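Okay, structure first, notes after.
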Amino acid sequence: MRPLLSLAVTGFLFLSQLPVSAEQETLELEIMDLDLNEVVKFSWGPRAQTQGAGTPNQAGVEIFAPLNISDNNVFFLDGQVNYEMADQQGSSIVNTAVAGGTVSTSTRLGYRWLSPGRLWMFGFNAGYDSRPLNPGDVVTNNHYKVPLKHNAMDNSKNSKTTLRIPHKVTDSRQAFFQQLAVGVEAINGDLSINSYALLPIGDAEQKINSRYNAGSLSTYGIDLAYVLTSKLRLTTGYYYQHNDLESVNGSGIEAGFSYEVAQGLTGTVGYSYDEAYEARLLGRLTYRFGAIDKLNGNELPSQIKALSYPVQHRNVRVHDGSSDTITINKCYKYESDGTTLDFPSTETCAYYSTGYESSATSEETKDEAYDSCVKKLGAFSFTETIKLSTGKTIYKYYCKINT
């Protein structure tokens, strides 16, 4: 998904060369009179956000500081410090609730510039984010659930049952995650495009208790936003995420809206969906002191205001899952005979799996192996190894015969 960034940069450079209409030419004349030193200012303010897909409840402060302002460009520093609070509804990382009580940071250095006619604003930013994580209670069912096609108490191979193996969770420990981030952006009037990549560094997967590992996600995404009114903005986006936990890898979608409740005060509601986190809803509230939205009583164009917007997508996203496996040895009697053997010789069945499979595929393979087993006095035996993070299984099959 990294080509998203290069594709976005190429597209932004192309957009900057598009011809302008007569109406745009009139607007261009007015925009060209603006002095960026009057509209791009240092700003700061508090912020708060509820938990989302891999992100915690948090409250903190953010700053935007222009480091250098020229005729048509701005070099800036954008920073956040957040206090992370405990999860309130389920787990933000899926299985283990986040206990909170930690401080995360996010820093961006960026460069934004206006096209020759100032109708487009383009930008590039890069930075570093950190996130300590304190694990709390496990919120998912604290048992290993193993589906079995054959019941050891029933000689019928069509019977089904579920094996539940209790597992006590202990040894909770703090983890520390880091990431590098890059983004490119373009804004023209009511339309904006933002492409980003979040790239874990350091120890990206760490054990947080006796059952679960937590890992930071690589995330690549692109957002499209449209300003409906001077106060209301709609956003939709696509992202791809992955890490060492196979069940996390995949695409997701997001949508939301932001509304300026009062001067400097903005509320945001966002929705996201992917197979790892499923549906998530979050809220965000920010207030900015010092931001300039109007000049001489006139609303500034969106591309001018965007020169001092805070950078989006700052959190280190985390997902937890079990990397453990559990192996169960089972021996079932043949349908045609009730003999149980203590010291049988073994033969490998004609069918056996060589890797992790889904539960449905494993059952089909098991049936084929069972049917292939020679019906001599003895028993059908197999070893079942379950990967708990994905529910996938390795089977090894044997025919135990009386020699």
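A short reminder: the numbers here are calculations on the coordinates, not readings from a lab. Just so we're clear, the structure is a prediction, and the values are computed from it rather than from any experiment. In this analysis, Cβ positions are derived from the backbone assuming ideal geometry, glycine residues included, and neighbour counts consider all displayed protein chains.
Give me the number: length gained by fully extending THR385 to ASN298, i.e. 0.36 nm times residue separation minus the C-alpha to C-alpha distance, one decimal in nm. Present the calculation step by step, with values, prior to reporting the outcome.
On the way: separation 87, 0.36 × 87 = 31.32 nm, distance 6.81 nm.
Taking THR385 through ASN298 to full extension adds about 24.5 nm, to one decimal.
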### Query
Which net charge results for the neighbourhood of ALA291, defined as the other residues with beta-carbon distances under 12 angstrom from its beta-carbon, given Lys and Arg at +1 and Asp and Glu at -1?
+1
### Message
Taking 0.36 nm per residue of sequence separation and subtracting the Cα-Cα distance, how much length would be gained by fully extending the chain between ALA350 and THR170, in nm to one decimal?
### Response
60.6 nm
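Given a cut-off of under 8 Å on Cα pairs at least six residues apart, what relative contact order in percent is computed for the range 176-247? If you can, show how the numbers build up before the last one.
On the way: 135 pairs, mean separation 19.4, N = 72.
It comes to 27 percent, rounded to a whole number.
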### Query
Modelled label-to-label distance, ALA255 and GLU364, 7 Å Cα→beta-carbon offset: nm?
3.5
### Task
Give the order of ILE201, ILE187 when sorted by the count of other beta carbons within 10 angstrom, beginning with the fewest.
ILE201, ILE187
### Query
Taking neighbour Cβ counts within 10 Å as the exposure measure, how do ARG280, ARG317 sort from fewest upward?
ARG280, ARG317
